[in-house]
Amino acid sequence: MPDRSPPEPLDYLPTLPRNLDVGIGCIGAGFIMADCHLVAYRQAGLQPIAITSRTPENARRVAQRHSIGSVYATYRELLQDQRVEVVDIAVPPDCLLDVVREVVTHRQIRGILAQKPLGVCLDQAEQIVRLCRDAGITLCVNQNMRYDQSVRACGQLIRRGDLGDPVLATVDMRAIPHWMPWQQRQGWVTCRIMSIHHLDTMRFWFGNPQRVFASFRTDPRTEFDHRDGIGLYILEYDSGLRCMICDDVWTGPAREGAAQAIGITYRVEGTKGLALGEIGWPKYPQRNPSTLQYSTTSTGIWHRPQWDQVWFPDAFLGPMAELLVALETDGQPAMSGDDNLATMALVDACYQSANEHRAVEVDR
C-alpha cells in the first residue's frame, strides 16, 4: 500500500557562516556583482566593504547603491586594504589568472570566490588552483546553478536515494542568455558560458562522467565568429546512466518577430522515482521561483515542494557562504578549485568532441 505520509523535507538553502563580519573586497562592478552578488550578500548580512572596477564611475555607483564604504581605482589598491580578508573576483575569464597572481601575494587574503569559467581553459584553471594552494588561500568557484533552489533540492533527492539508481537525466534549455561583450574576443557563445552550468549540475548530481559527445552549430543571431552556438551533449557513465543536454540559445526567431516559447526544464528518472523541474531564471528580472515535482514508487503521488527564493539573485549567496563556512571550519568548499577542475576538463572535452565529431573520454 502506498505511503501517504508527508515526505521528508528537502534542505535547499545554503549553510551560513557563524561570523558574518568577514571583510569582502569586490573586484568588478558589472551586472553579476551589482545585481546578484551584492544583493544576496546584503540580504544575508554579509559585509562587502570595498569595491573596484576598471571603470571607476561604475564602482562608485555600485558602492553607493549597496552602501560599500571604500572605492578603489584599481584592484591593486583594494588589495592593500588590510580589512579585506576575502576577495570576490568578477572579471572576464581571460583576465582572471593575472588578477589571482596579484591577489595571492597579499598575506591577509584568506579566501577567493572566482567566477566561472575558471580561466579560458583547463590549463589556466590548473594554474589558478596551484597559485591558491601554494599561497594557502581557499578557492571557491562560483558555479551558482548548484544553488538554484530546485537544482539543490533535486540533488538531495538523488543523494538520499529517493529516486533509486539514476537511469536517465535531461536538461532542455530554450532560452536566450545575456551575453557579455568580452565573449567576442574569445569566440565563445554557449559552451563555456551557459552549458558549463548544466554540465556542472550533472556533475553535482551524479559525479564525473566517463565520456562525452558534443555537437555544436552556430547561433544565427550571433554576428561574431564562433562555433559553440547551439550545443547538444550526451554524457555517459559506466553505471549505465545517460545524461542529455540541449542548449538552444536561438529558440527560433523569438527576437525577430515570432511568438516566444522560452524556458528551461529538466527531468531525472531513477529506478524508484521521477523528478521534473523548471528553472525560473529565463523570466528574470521577474521573481519566478524554479519548481520541482517528484514521485516515487513508495508514494505513487506527486510531491511539489515550494519556496520563495529564486536563482537570480538569491542563489548567489550560496557560493560565498560556502567559502566563508570553509574558512571557519578550516575545510574546503564543495565547489573548490580542485573540484572545478573536473568541470573545466569536461568543458574542454566537449570542445574536443565537437571538433573531432566523436565521443571523448573525460580525463578526471
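The values are calculated or read from the model by the stated rules, or taken from the named source; none is laboratory data. All figures in this text were calculated on a predicted structure; none of them were measured in a lab. Every residue, glycine among them, receives a Cβ derived from its backbone with ideal geometry; neighbour counts consider all protein chains shown.
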Quiz item: Of all strands (runs of 3 or more DSSP E) completely enclosed by region 248-364, which ones contain at least 3 residues that are polar (S, T, N, Q)?
Solution: 291-296
Quiz item: Looking at region 160-175, which of the residues that are out of contact with any helix residue (DSSP H, G or I) (no Cβ under 9 Å at 6 or more places or on another chain) and in a strand (DSSP E or B) is farthest from Thr251 (Cα to Cα)?
Solution: Val167
Exercise. Could you please tell me which pairs satisfy a Cβ distance under 6 Å, a separation of 6+ or placement on different chains, a first residue in region 269-288 that is assigned by TED's automatic domain parsing to the domain that holds Phe206 and buried (at least 18 other Cβ atoms within 10 Å of the Cβ), and a second residue that is in a strand (DSSP E or B) and among the basic types (Lys, Arg)?
Key: Leu276/Arg267
Self-check item: Considering residues of region 205-222 that are aromatic (Phe, Trp, Tyr) and surrounded by fewer than 23 Cβ atoms within 10 Å (Cβ to Cβ) only, the residue farthest from Trp311 (Cα to Cα)
Solution: Phe213
Exercise. Starting from residues that are free of Cβ contacts under 8 Å to residues at least 40 places away in the same chain and of a type outside the set (Asp, Glu), keep the ones in region 298-316 and report whichever is nearest to Pro282 (Cα to Cα).
Key: Gln306
Quiz item: For region 27-132, which fully contained strands (runs of 3 or more DSSP E) count at least 3 residues that are free of Cβ contacts under 8 Å to residues at least 12 places away in the same chain?
Solution: none
Quiz prompt | Members of region 332-363 found to be among the charged types (D, E, K, R) and more than 19 Å from the chain's Cα centre (by Cα), listed by number | solution = Glu356, Arg358, Glu361, Asp363
